[in-house]
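The values are calculated or read from the model by the stated rules, or taken from the named source; none is laboratory data. Just so we're clear, the structure is a prediction, and the values are computed from it rather than from any experiment. Cβ sites come from the backbone with ideal geometry, for glycine too, and all protein chains shown count toward neighbours.
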Amino acid sequence: MITENAAKLAEKEYRRRHPRMGFPWWAQVFLVPFWLAVSVVSVWAIWWQLRMCWQTPRVIAFAIGFVAGSLLFSVLPLLPMYVFGHEMTHWLAAKATFHKTGKFRMGATKGFIEIPEPTGFIALAPYFVPFYFLLSACVVAFLAVVLPTAPELLWLIAADWLGMTYAYHLVLSLKALQHGQRDLEFCGKFLSVCIILAGNLVVIAAWLAATNLLH
């Protein structure tokens with residue numbers, strides 16, 4: 001049985017490893033409409049892009065992969081793989097914004113990384129930055145450079161895989177959020193949800209724009 005003093009020490013240690021500063025309510029009042037506006041603009045951008053490419057084979061392959069992945073990962077979550085990608089995204093977001101990082105640990109169902117002075121971007125990045133999707137997209141981009149004359153079938157398979165990786169990000173992120181995440185405490189739950197929604201819509205709009213440019 002954990003004594004009250006031991007529980008307080010454990011909470012203090014957790015806060016040392018996972019500091020949370022939070023946003024004051026007045027800041028959230030101004031930021032929520034901004035991120036909702038970003039979501040609206042992103043939805044318009046997605047609709048506008050889809051008008052031009054929704055019938056292209058690569059977009060169809062991506063959609064098939066996304067639907068198949070959504071069904072598959074709903075029953076086969078591969079949680080340890082998600083935990084690794086989640087914590088790595090925290091780490092990469094911290095390094096990209098020149099923040100110090102400390103210990104990095106992970107288990108089968110949870111992990112943590114020490115970041116003394118996190119920001120809202122660092123705290124929420126794993127929920128709108130699809131780690132495995134972006135990793136796969138980098139591999140596909142490299143192949144496009146070194147294999148410019150590769151058969152179209154290769155790119156259709158790649159698009160299908162990208163759809164599955166994005167489905168993995170989305171399904172596992174939703175599952176994580178349903179179980180409650182302390183990461184949302186930094187910006188406040190409602191503001192965090194608005195940022196996560198906008199971030200995912202921006203990623204989809206950017207991917208569609210890149211697809212159109214490649215055609």
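State which residue is farthest from PHE66 (Cα to Cα) when the search covers only the stretch 141-188 and only residues that are assigned to a loop (DSSP other than H, G, I, E, B) and more than 17 Å from the chain's Cα centre (by Cα).
GLY188
If we keep just the residues of the stretch 106-137 that are buried (at least 16 other Cβ atoms within 10 Å of the Cβ) and of a type in the set (Val, Ile, Thr), which is nearest to the chain's Cα centre (by Cα)?
Among those that are buried (at least 16 other Cβ atoms within 10 Å of the Cβ) and of a type in the set (Val, Ile, Thr), it is VAL129.
Can you name the residue in the stretch 138-164 that is surrounded by fewer than 19 Cβ atoms within 10 Å (Cβ to Cβ) and of a type in the set (Gly, Ala, Ser) and is also farthest from ILE204 (Cα to Cα) among such residues?
Result: ALA150.
Would you check if TRP44 is modelled with pLDDT of 75 or more, exposed (fewer than 15 other Cβ atoms within 10 Å of the Cβ), of a type in the set (Phe, Trp, Tyr) and out of contact with any Pro (no Cβ under 7 Å at 6 or more places or on another chain)?
Considered against the rule, which asks whether it is modelled with pLDDT of 75 or more, exposed (fewer than 15 other Cβ atoms within 10 Å of the Cβ), of a type in the set (Phe, Trp, Tyr) and out of contact with any Pro (no Cβ under 7 Å at 6 or more places or on another chain), TRP44 comes out as yes.
Could you please find all residues in the stretch 43-63 being closer than 24 Å to ILE196 by Cα and touching a helix residue (DSSP H, G or I) at 6+ places or on another chain (Cβ under 7 Å)?
Within the stretch 43-63, VAL43, ALA45, ILE46, GLN49, LEU50, VAL59, PHE62, ALA63 meet the criteria.
Going by what's in this entry, would LEU79 be described as buried (at least 17 other Cβ atoms within 10 Å of the Cβ) and touching a residue at least 24 places away in the same chain (Cβ under 8 Å)?
When the stated conditions are applied, LEU79 does not pass them.
Does PHE112 qualify as being out of contact with any Lys or Arg (no Cβ under 6 Å at 6 or more places or on another chain) and either farther than 18 Å from PHE62 by Cα or touching a residue at least 12 places away in the same chain (Cβ under 8 Å) (or both)?
no
Filter the stretch 26-35 for residues that are touching a helix residue (DSSP H, G or I) at 6+ places or on another chain (Cβ under 6 Å) and within 20 Å of ALA206 (Cβ to Cβ) and give the result.
Listed by number, the list holds a single entry, TRP35.
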